[in-house]
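Here the structure is laid out as structure tokens; the discussion comes afterwards.
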Amino acid sequence: NVSVVLFTSDLRLHDHPPLRAALDGSRQVVPLFVRDRAVAAAGFAVPNRLAFLADCLRDLDAGLRARGGRLVVRSGDVVDEVCRVAAETDADEVHMAADVSAYAHRREARLRRALEAQGCRLHVHDAVTTAVPPGAVTPASSDHFAVFTPYFRQWSRQWLRDALGAPRTVRVPDAARSGELPVRAEISEVSPGLASGGESEGRKRLAAWLRGGITAYQDRHDDLAADATSRLSPHLHFGTLSPVELVHRARGAGGPGADAFVRQLAWRDFHRQVLAARPDAATADYRTRHDRWRSERAARADVEAWREGRTGYPVVDAAMRQLRHEGWMHNRARLLTASFLAKTLYVDWRVGARHFLALLVDGDLASNQMNWQWVAGTGTDTRPGRVLNPVGQAKRHDPDGAYVRRWVPELAGLDAPVVHEPWKLRGPERAAYDAYPDPIVDLSEGLARFKRARGYG
Ligand code: FAD
């Protein structure tokens with residue numbers, strides 16, 4: 001008998017419960033990836049993620065070949081393609097990972113119906129794309145947690161299955177045509193500093209992280225210039241690393257750095273359980289605050305300046321340029337640029353979320369939309385009125401100014417603290433930096449506008 005394993009956001013061989021279940025139950029397995037037309041039609045297939053995905057698929061194929069198998073790649077409607085492959089190979093089972101978005105729920109329901117009609121069963125596995133599945137821990141009165149701290153308390157006590165090793169051999173039936181793997185070099189408009197993808201790369205990064213960076217994580221994670229976070233987010237997004245394995249291995253490393261890191265992995269699950277329960281929150285406000293955001297026309301020039309990194313606030317501009325150059329941004333930088341757009345400029349969070357999703361290699365519906373809502377005060381932040389001051393943030397998290405100098409070469413000759421406030425320079429000193437713009441907004445005016453609009457005293 002034959003099983004199909006549909007890979008989606010779980011492009012790995014280690015700790016892969018759907019693959020393990022398929023191998024346990026069948027003589028032959030078809031490892032399948034579908035380049036889903038609907039993902040492209042929704043605008044989600046952007047160059048940075050397509051390039052990273054191309055690496056992931058190539059590496060997955062190589063890993064399967066080393067075990068006697070290969071990856072089967074198809075393009076089109078995911079349901080049609082899975083059914084077709086199942087029919088061609090006479091498969092009686094399909095295994096895949098559960099996922100949280102409205103689209104993933106629809107895909108699962110459609111697949112189940114279509115496969116049943118041809119006598120094939122769909123098995124959907126939990127704890128593949130999350131450590132703790134959505135709905136596994138809930139408060140007494142609701143289907144999901146809206147506040148992180150009590151969620152984290154229960155999440156931490158939750159039993160986790162053991163991490164699985166990679167299979168030794170995978171036998172693929174001859175009837176399954178391989179299809180063509182995408183080629184990274186053929187994708188245009190990729191950020192020049194984009195990281196490489198793939199499970200092998202992810203495992204290397206993870207090993208290096210557990211040997212080194214994780215110990216100082218709790219002290220250094222907010223230091224913009226130190227770049228002392230794991231940078232594992234694209235690997236978690238594409239599932240080249242398993243969240244369950246990550247939690248186990250970080251706990252195994254132990255210490256305050258590892259504890260702080262595990263807490264961040266819980267944030268990822270937290271946002272996923274919110275989106276799973278409230279799939280509309282990908283676009284609609286999770287909590288309505290009656291915002292009347294500035295109209296696109298009124299804010300157009302400000303939004304352009306924000307996107308391009310010329311707001312006149314050096315730390316904001318550094319971060320926005322890092323995003324464009326690497327397809328990735330430091331978490332502290334995401335927080336302060338998002339707060340700047342949504343609160344200081346009072347522009348709809350959806351405008352910012354869209355720009356992030358167009359560039360982020362880890363761009364993820366749950367993490368991106370729910371973090372944007374958190375920052376905008378429409379989501380799960382218990383202090384929705386707080387506004388991050390970009391100058392204060394810069395002085396605190398880039399005290400030496402090295403992060404700004406790295407990304408804003410116009411200011412490379414300035415030291416801290418003036419590198420964070422170049423408008424304070426006078427006369428010829430200011431003239432030497434006139435390639436760098438003046439601030440597009442006065443911070444206290446921005447703050448007053450936000451408070452007025454929200455009715456905060
Ligand atoms: P580390 O600090 O090493 O953390 C380890 C892992 O924990 C991360 O890889 C990530 O998977 C998870 N994590 C950490 N913080 C968060 C968080 N706040 N929410 C969810 N997961 C978290 N993360 C994404 O993966 N995709 C996104 O599209 C995304 N958009 C964001 C948008 C905004 C406005 C903000 C404020 C945050 C966003 N984040 C997003 C969360 C966070 O910024 C990134 O996960 C983190 O910067 C990735 O870097 P790292 O892997 O070095 O993180």
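Only one residue in Leu206, Leu241 is part of a loop (DSSP other than H, G, I, E, B), outside the structural domain of Ala54 (by TED's automatic domain parsing), within 13 Å of the ligand (Cβ to nearest atom) and touching a residue at least 24 places away in the same chain (Cβ under 8 Å). Which one? Leu241 is the lone residue from the list that is part of a loop (DSSP other than H, G, I, E, B), outside the structural domain of Ala54 (by TED's automatic domain parsing), within 13 Å of the ligand (Cβ to nearest atom) and touching a residue at least 24 places away in the same chain (Cβ under 8 Å). Restricting the stretch 249-266 to residues that are within 12 Å of the ligand (Cβ to nearest atom), of a type outside the set (Phe, Trp, Tyr) and under 21 Å from the mean Cα position of the chain (by Cα), the residue that is nearest to Gly135 (Cα to Cα) is Ala266. The listed residues are Ala146, Ala109, and the only one of them that is without any contact (Cβ under 8 Å) to a residue 60 or more places away in the chain and either outside any loop (DSSP other than H, G, I, E, B) or under 14 Å from Val274 (Cβ atoms) (or both) turns out to be Ala109. Here Ile187 fulfils each of the conditions (1) away from the ligand (no atom under 15 Å from the Cβ); (2) surrounded by 20 or more Cβ atoms within 10 Å (Cβ to Cβ) apart from (2). Could you tell me whether any residue of the stretch 228-235 is more than 13 Å from the ligand (Cβ to nearest atom) and either in the same structural domain as Asn371 (by TED's automatic domain parsing) or of a type outside the set (Ser, Thr, Tyr) (or both)? Looking for residues that are more than 13 Å from the ligand (Cβ to nearest atom) and either in the same structural domain as Asn371 (by TED's automatic domain parsing) or of a type outside the set (Ser, Thr, Tyr) (or both), one finds none in the stretch 228-235, hence no.
Scanning the stretch 166-184 for residues that are closer than 20 Å to Ala21 by Cα, surrounded by 12 or more Cβ atoms within 10 Å (Cβ to Cβ) and modelled with pLDDT of 95 or more gives Ala166, Pro167, Val170, Arg171, Val172, Pro173.
Filtering Asp223, Asp269 for residues that are surrounded by 20 or more Cβ atoms within 10 Å (Cβ to Cβ), in contact (Cβ under 8 Å) with a residue 40 or more places away in the chain, more than 26 Å from Ser101 (Cβ to Cβ) and more than 8 Å from the ligand (Cβ to nearest atom) leaves a single hit, Asp223. Picking from residues in the stretch 1-42 that are of a type in the set (Ser, Thr, Tyr) and not in a strand (DSSP E or B), the one that is nearest to Ala91 (Cα to Cα) is Ser26.
Restricting the search to helices (runs of 4 or more DSSP H) fully inside the stretch 367-457 and requiring at least 1 residues that are closer than 24 Å to Leu323 by Cα and in the same structural domain as Trp306 (by TED's automatic domain parsing) gives 390-397, 402-407, 443-454. Scanning the stretch 363-385 for residues that are without any contact (Cβ under 8 Å) to a residue 40 or more places away in the chain and farther than 29 Å from Ala104 by Cα yields one hit, Arg383.
The values are calculated or read from the model by the stated rules, or taken from the named source; none is laboratory data. Not measured: the values here are computed from a predicted model. So basically every Cβ, Gly included, is an ideal-geometry build from the backbone, and we count neighbours across all protein chains shown.
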